Amino acid sequence: MPSTSRAIVQTAPRRLELRELPVPEIDDDSAILRVEACGICGSDAEQYDGTIPAQYPVVPGHEPLGVIDRIGDRAAKRWGVDVGDRVAVEVLIPCGHCAACIGGRYQVCRGRGGMFGYSYVPLATPPGLWGAYADYMYLDPHTLLHKVSKDLPASTAALFNPLGAGFRWAVELPDTGPGDTVLILGPGQRGLASVIAARAAGADTIIVTGLARDAQKLALARELGADHVIDVESENVRRRVKEITNGRGADVVVEVSANSPVPVAEALHHAAFGARVVLAGVKGFKPVPDFVSDLIVVKELRVMGAFGVTSPSYRAAIRTIEAGRVPVARMHTHDFALEDAEHAIRLLAGEIEGEQSIHSCLVPELGRTG
């Protein structure tokens with residue numbers, strides 16, 4: 001293993017640099033991952049443009065898939081992996097002893113001084129390589145990881161993260177099951193993942209909404225299991241949902257659209273009496289216009305926020321990908337070298353005219369020379 005690693009370093013909003021950083025030494029409880037692929041999602045775009053605050057400089061990248069390159073003896077025993085094993089790495093690094101961790105809610109752990117996870121720990125925090133936009137990444141002793149089959153293409157295996165979100169947000173949190181009608185607001189990678197997860201859970205009817213420019217994504221939603229898709233710019237969504245559900249509304253509403261807070265208020269109108277509403281799309285902390293809280297009261301809705309993914313949902317995602325019965329790989333559209341990180345992020349954010357991305361990865365091997 002080389003003594004240095006190429007890494008993308010964010011130094012300010014919308015400023016990325018390719019640097020050479022030292023590969024850390026490890027102890028008995030830690031490891032070094034050789035990154036095969038790192039998925040890119042909406043959070044990367046928000047970190048890039050400064051919507052998600054960061055302590056600069058920082059190495060981004062929170063969806064790592066890779067191979068164990070070096071590992072301490074205790075870490076190998078604890079994680080059940082060894083050198084050469086391929087693993088998917090969870091974003092959050094829980095402390096293991098705070099009230100949230102002890103209560104089984106490690107996804108909201110703040111025991112290490114705020115949210116502590118890959119892509120969000122500043123470069124100044126030893127040993128430094130805390131993000132997967134790099135050839136190599138440090139694995140903290142408290143890391144949560146999962147073995148993944150080496151038979152899969154790296155870019156397909158890297159879908160473990162968005163698909164894990166689908167299983168948590170569309171199934172685990174709202175307890176989706178047979179007979180449920182599920183409405184998914186937003187056809188991005190997490191919306192499409194929610195389609196796969198809801199179908200796997202036995203949902204009776206799945207509806208997905210999107211904009212006119214999302215025609216390709218809405219077509220893919222049908223391919224992945226959606227029964228109905230709605231173009232919100234050309235159709236009356238409230239009327240269509242009522243038509244599809246015979247006036248009842250949806251049993252589960254999953255709001256995963258980006259930026260606009262308007263769908264949050266609309267979700268309450270689409271929900272059936274006693275429905276579960278999951279809010280997972282972040283809006284840059286903008287207020288929600290026309291939010292009618294009485295709809296929550298009179299319909300006895302259960303409204304839940306969704307932050308992150310839990311280990312059971314990651315495992316469900318990995319099993320689904322490895323089984324090969326669902327064309328999950330159809331969600332993947334682009335691979336990029338490390339030096340193209342800025343273009344990759346801007347493409348996913350819709351800033352590149354004439355081209356669309358659903359799921360893309362940074363693949364360090366594309367630019368490695370040695």
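The values are calculated or read from the model by the stated rules, or taken from the named source; none is laboratory data. Just so we're clear, the structure is a prediction, and the values are computed from it rather than from any experiment. Here Cβ is always computed from backbone atoms with ideal geometry, including for glycine, and neighbour counts include all displayed protein chains.
Every test in (1) small (Gly, Ala, Ser); (2) touching a helix residue (DSSP H, G or I) at 6+ places or on another chain (Cβ under 7 Å); (3) more than 21 Å from Ile93 (Cα to Cα) is passed by Ala203 save one, and that test is (2).
When the range 103-119 is filtered for residues that are part of a strand (DSSP E or B) and either aromatic (Phe, Trp, Tyr) or free of Cβ contacts under 8 Å to residues at least 40 places away in the same chain (or both), the ones remaining, listed by number, are Gly111, Gly114. Checked against the criterion of being within 27 Å of Ser149 (Cβ to Cβ), out of contact with any Cys (no Cβ under 7 Å at 6 or more places or on another chain) and surrounded by fewer than 22 Cβ atoms within 10 Å (Cβ to Cβ), the range 58-67 has at least one qualifying residue. Which one is surrounded by the most Cβ atoms within 10 Å (Cβ to Cβ) among residues in the range 9-39 that are among the β-branched types (Val, Ile, Thr) and within 28 Å of Ala76 (Cα to Cα)? Of everything passing the filter in the range 9-39, Val35 is surrounded by the most Cβ atoms within 10 Å (Cβ to Cβ). Does Gly96 satisfy the condition of being touching a His at 6+ places or on another chain (Cβ under 8 Å), free of Cβ contacts under 8 Å to residues at least 60 places away in the same chain and among the small types (Gly, Ala, Ser)? Taking the combined requirement at face value, the residue satisfies it. Pairs linking a residue in the range 312-331 that is over 21 Å from Leu218 (Cα atoms) to a residue that is modelled with pLDDT of 95 or more and surrounded by fewer than 14 Cβ atoms within 10 Å (Cβ to Cβ), with Cβ atoms under 7 Å and 6 or more positions apart or on different chains, are Glu322/Ser149. Evaluate the range 325-333: report whether one residue or more is in a helix (DSSP H, G or I), crowded, with 16+ Cβ neighbours inside 10 Å and touching a Phe, Trp or Tyr at 6+ places or on another chain (Cβ under 6 Å). Within the range 325-333 (the criterion being in a helix (DSSP H, G or I), crowded, with 16+ Cβ neighbours inside 10 Å and touching a Phe, Trp or Tyr at 6+ places or on another chain (Cβ under 6 Å)), the answer is no, since none of the residues qualifies. Residues of the range 346-355 include none that is crowded, with 22+ Cβ neighbours inside 10 Å and either at pLDDT 95 or above or not assigned by TED's automatic domain parsing to the domain that holds Cys109 (or both).
Is it the case that the range 360-370 has a residue that's of a type in the set (Val, Ile, Thr), farther than 21 Å from Ile196 by Cβ and in a strand (DSSP E or B)? There is no residue in the range 360-370 that is of a type in the set (Val, Ile, Thr), farther than 21 Å from Ile196 by Cβ and in a strand (DSSP E or B).
On the stretch given as the range 171-216, residues that are outside any helix (DSSP H, G or I) and either on the phi < 0 side of the Ramachandran plot or more than 15 Å from the chain's Cα centre (by Cα) (or both) total 26.
Consider only pairs whose beta carbons are under 7 Å apart and that are at least six residues apart or on different chains; among these, list those whose first residue lies in the range 221-233 and is assigned by TED's automatic domain parsing to the domain that holds Gly186 and whose second residue is of a type in the set (Ser, Thr, Tyr) and modelled with pLDDT of 95 or more. Listed pairs, sorted by first residue: Asp227/Thr205; Ile230/Thr209; Val232/Thr209. Of the set (1) of a type in the set (Asp, Glu); (2) farther than 30 Å from Ile52 by Cα; (3) in contact (Cβ under 8 Å) with a residue 60 or more places away in the chain, all apply to Glu255 but (2). Which of the residues spanning the range 198-228 are closer than 18 Å to Ala317 by Cβ, touching a Gly at 6+ places or on another chain (Cβ under 9 Å) and hydrophobic (A, V, I, L, M, F, W, C)? Of everything in the range 198-228, those that are closer than 18 Å to Ala317 by Cβ, touching a Gly at 6+ places or on another chain (Cβ under 9 Å) and hydrophobic (A, V, I, L, M, F, W, C) turn out to be Ala198, Ala200, Ala201, Ala203, Ile206, Ala221.
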